[in-house]
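Before any comments, here is the structure.
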Amino acid sequence: ESTSNEQIVAVKEGLAALKDTCGILEFEFGTDLKLPSGQSHPAGKNRTCTWYADFPSVEAYEAYAAHPEHVKVINDLIKPIMEPGSRAAIQYER
């Protein structure tokens, strides 16, 4: 609730800047529409934002996950605004 729009934009820009540095093929960043059904869902309230990124291989993803610039975005921009225990992530192959 206390996350500002400026903080969300900073996360979006920080992640977008990783595209060329970290071998991301494509990505999307989206913010929640704050629809009533998402704010009062029986399984819990929606998250504030989502990030999707596509990589050429599992190895490329693993390199991204450990890349210092990615870790910097997490530590400087994401962790300060993330509620503990609220991370939701999945890695999968198409």
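The values are calculated or read from the model by the stated rules, or taken from the named source; none is laboratory data. Note that the structure is predicted; figures quoted are calculated from it, not measured. Cβ placement follows ideal geometry from the backbone for every residue including glycine, while neighbour counts extend to all protein chains displayed. Ligands, DNA and RNA are stripped out before the accessible areas are found, and what is left, the full protein with its side chains, is counted by its heavy atoms. Shrake-Rupley method; radii C 1.70, N 1.55, O 1.52, S 1.80 Å.
How many of the residues making up region 5-24 are assigned to a loop (DSSP other than H, G, I, E, B) and either within 18 Å of ASN75 (Cβ to Cβ) or modelled with pLDDT of 95 or more (or both)?
3
For residues in region 69-92 being open to solvent by 100 Å² or more (accessible area, probe 1.4 Å) and closer than 15 Å to GLN7 by Cβ, which is farthest from the chain's Cα centre (by Cα)?
It comes out as GLU83.
Quick one: which residue in PHE27, PHE55 is within 18 Å of ALA88 (Cβ to Cβ) and either surrounded by 12 or more Cβ atoms within 10 Å (Cβ to Cβ) or at pLDDT 95 or above (or both)?
Details: PHE55 fails: within 18 Å of ALA88 (Cβ to Cβ).
PHE27 is the lone residue from the list that is within 18 Å of ALA88 (Cβ to Cβ) and either surrounded by 12 or more Cβ atoms within 10 Å (Cβ to Cβ) or at pLDDT 95 or above (or both).
Just to be sure I understand the filter: pairs with C-beta atoms under 8 Å, separated by 6 or more residues or on different chains, first member in region 48-65 and closer than 12 Å to LEU18 by Cβ, second member among the hydrophobic types (A, V, I, L, M, F, W, C) and in a helix (DSSP H, G or I). Which pairs pass?
Every condition considered, the pairs that remain are TRP51/LEU15; ALA53/LEU15; TYR64/LEU18.
Looking at region 66-89 only, could you name the residues that are within 11 Å of LEU18 (Cα to Cα) and among the charged types (D, E, K, R)? Reasoning before the result, please.
We begin by selecting, within region 66-89, every residue within 11 Å of LEU18 (Cα to Cα); these are 67-73.
The answer is GLU69, LYS72.
For region 5-24, how many residues meet the condition of being more than 18 Å from ILE90 (Cα to Cα) and either under 14 Å from the mean Cα position of the chain (by Cα) or aliphatic (A, V, I, L, M) (or both)?
The number of residues fulfilling the criteria is 12.
For SER2, indicate whether it is open to solvent by 70 Å² or more (accessible area, probe 1.4 Å), more than 19 Å from GLN91 (Cα to Cα), of a type in the set (Gly, Ala, Ser) and assigned to a helix (DSSP H, G or I).
Spelling it out, it is not the case that SER2 is open to solvent by 70 Å² or more (accessible area, probe 1.4 Å), more than 19 Å from GLN91 (Cα to Cα), of a type in the set (Gly, Ala, Ser) and assigned to a helix (DSSP H, G or I).
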